[in-house]
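These notes are about the structure you will find just below.
The values are calculated or read from the model by the stated rules, or taken from the named source; none is laboratory data. Values in this document were obtained by computation on a predicted structure and should not be read as measured data. Ideal geometry is used to build each Cβ from the backbone, glycine not excepted, and the neighbour counts take in all protein chains shown.
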Amino acid sequence: MDRSHKVDISGLLAGSRQLMMVADEVSLEPFEGLVFPQPVAVKLELRQADRMLAVEGSVDAHVHGQCDGCLEDVELELHLDLDERLDPSHGRDVEPFGESNVLTGDRLDVADLAQQSVLSALPMGLRCSAECRGLCSICGSNRNTSECSCHSA
């Protein structure tokens, strides 16, 4: 049974609490050939600031996929610093595709926040290195590990 990753922020929004600390681990589903073999670590400080929810903290993720050039396995560590201001009056129930769509009423969806943050920070394509020479377009040999005898134009 999955545990909930929704945090009740009603005390912050009502002003009865000044600070809320959140530490959670969230499993992310694979995305376009990329997998997240370990849960994503989320550490947040939540505050109310001028009728907004101030979210500061970090998200750490481990990503596994294939290099777009040579198809070798690639491991990527992502560390994201978060500094967001979310409007509780424009949450998911009001603007499903808005900036504050990780809020539903007085609940913050930590899993959705982590997923949106990680997916938006991923590179357009993974590369094993900036110097990746890719595969030979004629014989398919990995040009990083061996030279082929093809004479491509």
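Structure data summary
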{"item": "Check on residue 22, of a type outside the set (D, E, K, R) and within 12 Å of the chain's Cα centre (by Cα)", "result": "no"}
{"item": "Residues that are more than 12 Å from residue 110 (Cα to Cα) and surrounded by 14 or more Cβ atoms within 10 Å (Cβ to Cβ), drawn from the range 16-37", "result": "17, 20, 31, 34, 36"}
{"item": "Cβ pairs under 9 Å, 6+ apart, first in the range 20-34 and farther than 30 Å from residue 68 by Cα, second in a loop (DSSP other than H, G, I, E, B) and of a type in the set (Asp, Glu)", "result": "none"}
{"item": "Residue 54 under 20 Å from the mean Cα position of the chain (by Cα), assigned to a strand (DSSP E or B), small (Gly, Ala, Ser) and at pLDDT 95 or above", "result": "no"}
{"item": "Pairs where the first residue, in the range 71-91, is farther than 14 Å from residue 57 by Cα and without any contact (Cβ under 8 Å) to a residue 60 or more places away in the chain and the second is among the hydroxyl-bearing types (Ser, Thr, Tyr) and in a strand (DSSP E or B), C-beta under 7 Å, 6+ apart", "result": "91/104"}
